[in-house]
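Working notes, beginning with the structure itself.
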Amino acid sequence: MAVNIDRTTTEEHAASPPARLSLTPGTTPGLLDGSWWPRSRDLSRELPALAERLDHSWGRVTRVTVNPVFWPVIPRKVPVTGHTVHVGWFTNEQDPHKLLVFSYTADRLDLLIIPPETGPAAAARLMSAATTPGSLLTASRLMEDERAADDAAESRDREEEWETEGGTAPPPTGPPRSARRM
């Protein structure tokens, strides 16, 4: 897999809307510390809002790492108000659905990355599942469970549609069966 690394760092970036972030309450350890639902797959645009939000509540973000599977371009550095966040990537070592966030003071956060194209209901379920204290579910497992639940709901919807339409096959076209034998 080819990874595009953006080596330029610009000091100008458009103001991003607030980060959609949910953190696990309390100090009960689990595999995930919360979730992040970016609005796009553009790390240069999405990371400043996340870092700014975490800077105030958790400690100054210094570095993040991602798996490049879902990120088309990975910048080496992202300017954030008052400092720069370094970005790294790992292919085999890091779950593709997880973002690792590091700071000088608070060590590390492991966040589930909810794909930007996820609908609000599914995102809410994933954010809730990722913030369950003491959970032993990995980021990829949460995504698989959500995908399976979505597939099951879609199957139920198709079956329900079948039943409301009478649950029968459409009438055959052409001459009746008895006329075909002649």
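The values are calculated or read from the model by the stated rules, or taken from the named source; none is laboratory data. Everything quoted here is computed from the prediction, not taken from an experiment. Backbone-built Cβ (ideal geometry, glycine too); neighbour counts: all protein chains shown. Quick note on the areas: whole protein, heavy atoms, side chains included, nothing else; ligands and nucleic acids left out. Shrake-Rupley method; radii C 1.70, N 1.55, O 1.52, S 1.80 Å.
So how much slack lies between Phe90 and Arg39, counting 0.36 nm per residue of separation and subtracting their Cα-Cα distance, in nm?
Numbers: separation 51, 0.36 × 51 = 18.36 nm, distance 2.22 nm.
Fully extending the segment from Phe90 to Arg39 adds 16.1 nm.
When nucleic acids and ligands are ignored and a 1.4 Å probe is applied, His97 ends up with an accessible area of around 20 Å².
Other residues whose C-beta falls under 13 angstrom from the C-beta of Leu112 contribute a net charge of -2, scoring Lys and Arg +1 and Asp and Glu -1.
Amide H contacts of Val61: Asp55, each under 5 Å away and 5 or more positions distant or on a separate chain (H built 1.01 Å from N in the peptide plane; Pro and chain starts excluded).
Rounded to whole numbers, the Karplus 3J(HN,Hα) couplings from phi for region 137-145 are 8, 7, 4, 5, 5, 4, 5, 4, 4 Hz, using 6.51 cos²θ - 1.76 cosθ + 1.60 with θ = phi - 60°, and x at Gly and Pro. Rounded to the nearest 10 square angstrom, Glu93 shows an accessible area of 140 square angstrom against a 1.4 Å probe. A 1.4 Å probe, protein heavy atoms only, puts the accessible area of Trp89 near 90 Å². The 3J(HN,Hα) values that the Karplus relation (6.51, -1.76, 1.60; θ = phi - 60°) gives for region 42-48 are, in residue order, 9, 4, 4, 8, 7, 5, x Hz. Gly and Pro appear as x. Extension gain for Glu154 to His83 (0.36 nm times residue separation, less C-alpha to C-alpha distance): 21.0 nm. Between the amide H of Val85 and those of Val78, Val80, distances stay under 5 Å, these residues lying 5 or more places away or on another chain, with hydrogens modeled in the peptide plane.
Assuming 0.36 nm per residue, please report the length gained on full extension of the stretch Thr27 to Asp145 beyond their Cα-Cα distance.
Details: separation 118, 0.36 × 118 = 42.48 nm, distance 2.50 nm.
Result: 40.0 nm gained on full extension.
Report the Cα centroid-to-centroid distance between region 113-128 and region 62-83 in angstrom, as an integer. So the two Cα centres are separated by 21 Å.
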